[in-house]
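Chemist: Just passing along the structure, written as structure tokens.
What follows is calculated from the coordinates using simple rules that are stated; it is not laboratory data. What you are looking at is a predicted structure, and each value in this text was computed from that prediction instead of being measured. Cβ atoms come from the backbone with ideal geometry, glycine included; neighbour counts cover every protein chain shown.
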Amino acid sequence: MAKKGEGLMAKWQQRWFVLFESGQLQYFSSEAEDEPSYKGTISLVGVKPENIVRTKPGGSDYAFTIQTPKRKWLLNAGTGAVYDEWHAALLKVVG
């Protein structure tokens, strides 16, 4: 998926995400295990299913937001199939 940073000049960055049952969504610059590519963690603690929303439902843009207690995260799954997989997995953790 891609993640958009914060701020006016923020750009989309391709990231590799790992979702843990504990409610942690970690992201990396690469999926290669032999290089330190950890970038950060999105804590899903306190997130409700209604806090995970597609930005343009029904369209061909598969961007969505996750509103956490500390920040609104903007992610883009790229395709409908990938979005459906991530959405189901996220709802399973937060629901």
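Chemist: Could you give the size of the charge dipole of segment 13-94 about its Cα centre, using +1 on the Cβ of each K and R and -1 on the Cβ of each D and E, expressed in debye and rounded to the nearest 20?
Modeler: On the way: 9 positive and 9 negative charges, 113 e Å.
Around 540 debye, computed over segment 13-94.
Chemist: Taking the Cα-to-Cβ direction at residue 37 and at residue 84 and moving 7 Å from each Cα, how far apart do the two end points lie in nm?
Modeler: Using points 7 Å along Cα→Cβ, the separation is 2.7 nm.
Chemist: Could you give log10 I(q)/I(0) at q = 0.10, 0.21, 0.26 Å⁻¹ for segment 13-94, computed by the Debye formula over C-alpha point scatterers of equal weight, without solvent?
Modeler: -0.24, -1.03, -1.43
Chemist: Treat each spin label as a single point 7 Å out from the Cα along the C-beta direction, and report the residue 30 to residue 71 distance in nm.
Modeler: 2.3
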